[in-house]
Amino acid sequence: MSFNLISKNFYKFLLVSLFILFGLLGLAKSSWAADFYVAQNQVGANDGANCANAHSAAWFNTADNWANPKQTGKIGPGDTVHLCGTFTFPANDSTNGLLKARGSGSAGSPITILFEPNAKLQSPQFSQNGGLMLHYYWGCHGYIIVDGGTNGVIENTANGTGLAYHAASRGLFITGYYTWSLSHVEVKNLTIRNIYVNGGSNPNATDTDGQSTENIYLSGNLDNISIHDCTFSNARTGVNGPFDGVTWTNVDIYNNYINDHCWGMSIAGLSAPSTATNLTIHNNEITDWANWQCPASASFCTNKTDTYHTDGIITYSGDSAPVYAPLIYNNYIHGDLGSGSPTALTYCTVGNPTGNGRSGSECIIFNNLLVNTGSGAHTALWFGTQTKNNKVYNNTIVGTVTNSSFNPCIISSSLGGDVYKNNICSTFSQIFSTQWSGNRAPETFISAMDNNVYYNIGTASISSDVGHNHTLAQWQGLGYDTHSVTTDPLLDSSYKPTVGSSAINAGADLSSVGITALNSDKAEVTRPQGSAWDIGAYEYIGAGDTTPPAAPTGLSII
């Protein structure tokens, strides 16, 4: 046999082998991942191949159409479910009035639920099961991505003050089960709105029906949950997470825009055993409380109830719940908390101010920009009874009022051990005040307080609710704030320090605290940029004060 014939046969064998190999790989790939298109009702050929031939919502909600391990024609690991058009569900239908994920992806092969352009889930009033539910009990054990795509929406159309419905409602319901965790769930790029359109801006408002409404509800045992790059509006709470007697690990809520709520975010461990490990809330923007002022137990509101008190972020614990330490950082919380019953832009507390053996939370708060534009008796940070060892680092906190009888930058009723370093407090009546202090002097609340800028502060700089008042000079005589200053931090319109700011190079080096994100500022600029850390949420970057980029490596001359 000639060499040429051998070569030809060899190449034929090689080509056939490659053809078979790629064919098998193609078959394998098709079994790994598939695309299913779903509309409210079946369309065209009903094969799920595209939006013109989509399966129905009922098909999506049927457990037999989900499979793990993956099966042909069924939703499974690696698949993408495309939501097409507008889904309009009946009001308050907790069984058929929503989409329910009935299966799970797997590590490296999550199931993606993707909103196609202009896709929307809507109801006059979704039930408390939400418009979309991820529930361990219904077979969703995790590895799910909910992606709003370019403009995906979940919304109510008629729930709120003066509207057809006045009832409890949720947009997205994410929950584990008693002893099992819902794990590896990601929610991104999604708008959830109008869950309850409240009308509490008028002192005569009486509507209390929006209390049990939230854009996203998190509950049960949860592991590796992330919620990011979403927009939430119009509900009692934007993100509500009561981890009651369960365990949370690695819950990350970031880069969301949250407006028009009573509470932008509420995270609470209510009973033992309740634990949350590596809970992070960062880079969110939270604003606008005007429609949730009344009714409240305040002079502004005609109808005196305890329905609403306004907060940006509230974290709290309950009966004998273990301490948990959320990291709250790089957030921008701003606006007017209103004249109803304002509490704080960030409020770390406990469910019962009288204690009863409750341990509270230990909040770690840094790199936040907190701007209170209200003219009433508001505060930026409040640490409630039974909290302890709270840490407050490198925040920029700005108010509007210096002549109020009670408008402090920070309020505390904690058990003590709190640390305040490298913060800017500008334009408040007091720097620090106690509440429910039990005749304790302010210094008993604090472990360390130094390297801060206090600018445009009223005369009673350090005060308490039982008369232990200090000027700043007296406070410094007790050993606190010995390196703090009162000169103008010269902040620009973005609240960043400018040339000559008293905040520049005046901070303590906090790298030893051991929090990686703290070693950069709110804009993720590495600290320090000058000879020392700057005070406040932002490092100053100016001529001669900028760290040059590292020299490139791995280059070759051509």
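The values are calculated or read from the model by the stated rules, or taken from the named source; none is laboratory data. This structure is a prediction, so every number in the text was calculated from the model and none was measured. Cβ: placed from backbone, ideal geometry, glycine included. Neighbour counts: every protein chain shown.
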Original post:
Taking the range 277-296 only, how many residues are within 11 Å of residue 262 (Cα to Cα) and more than 16 Å from the chain's Cα centre (by Cα)?
Top reply: 6
**OP:** Would you mind stating whether residue 96 is under 18 Å from residue 64 (Cβ atoms) and in contact with a Pro (Cβ under 9 Å, 6 or more places away or on another chain)?
**Re:** yes
Original post:
Here is a list of conditions, (1) under 24 Å from residue 337 (Cβ atoms); (2) part of a loop (DSSP other than H, G, I, E, B); (3) modelled with pLDDT under 95, and residue 409 meets all of them except one; can you say which number that is?
Top reply: (2)
Subject >> Positions within the range 73-126 being closer than 22 Å to residue 52 by Cβ and at pLDDT below 95, in sequence order >> reply: none
Subject >> Extreme residue, nearest to residue 446 (Cα to Cα), among residues of the range 390-406 that are in a strand (DSSP E or B) and not β-branched (Val, Ile, Thr) >> reply: 391
Subject >> Residue list for the range 463-475, restricted to those being buried (at least 17 other Cβ atoms within 10 Å of the Cβ) and of a type in the set (S, T, N, Q) >> reply: 463, 464, 469
Original post:
of a type in the set (Val, Ile, Thr) and either modelled with pLDDT under 95 or surrounded by fewer than 23 Cβ atoms within 10 Å (Cβ to Cβ) (or both) - does that describe any residue in the range 210-225?
Top reply: no
Original post:
Tell me, which residue of the range 471-482 that is within 16 Å of residue 418 (Cβ to Cβ) and of a type outside the set (A, V, I, L, M, F, W, C) is farthest from the chain's Cα centre (by Cα)?
Top reply: 479
Original post:
Residue check, residue 194 against (1) farther than 20 Å from residue 35 by Cα; (2) buried (at least 17 other Cβ atoms within 10 Å of the Cβ); (3) assigned by TED's automatic domain parsing to the domain that holds residue 40, all met but one. Which one?
Top reply: (3)
Original post:
Just wondering, is there one or more residues in the range 475-491 that are assigned to a loop (DSSP other than H, G, I, E, B), charged (D, E, K, R) and without any contact (Cβ under 8 Å) to a residue 24 or more places away in the chain?
Top reply: no
Original post:
Just one of 433, 447, 426 is part of a strand (DSSP E or B) and either outside the structural domain of residue 375 (by TED's automatic domain parsing) or loosely packed, with under 15 Cβ neighbours inside 10 Å (or both); which is it?
Top reply: 447
Subject >> Hey, residue 34 at pLDDT below 90 and either in contact with a helix residue (DSSP H, G or I) (Cβ under 9 Å, 6 or more places away or on another chain) or not acidic (Asp, Glu) (or both) or not >> reply: no
Subject >> Where residue 538 falls short, out of the listed (1) touching a Phe, Trp or Tyr at 6+ places or on another chain (Cβ under 8 Å); (2) in a helix (DSSP H, G or I) >> reply: (2)
Original post:
If we scan the range 278-287, do we find a residue that is within 17 Å of residue 183 (Cα to Cα) and not aliphatic (A, V, I, L, M)?
Top reply: yes
Original post:
What is the number of the single condition among (1) at pLDDT 95 or above; (2) surrounded by 17 or more Cβ atoms within 10 Å (Cβ to Cβ) that residue 140 does not meet?
Top reply: (1)
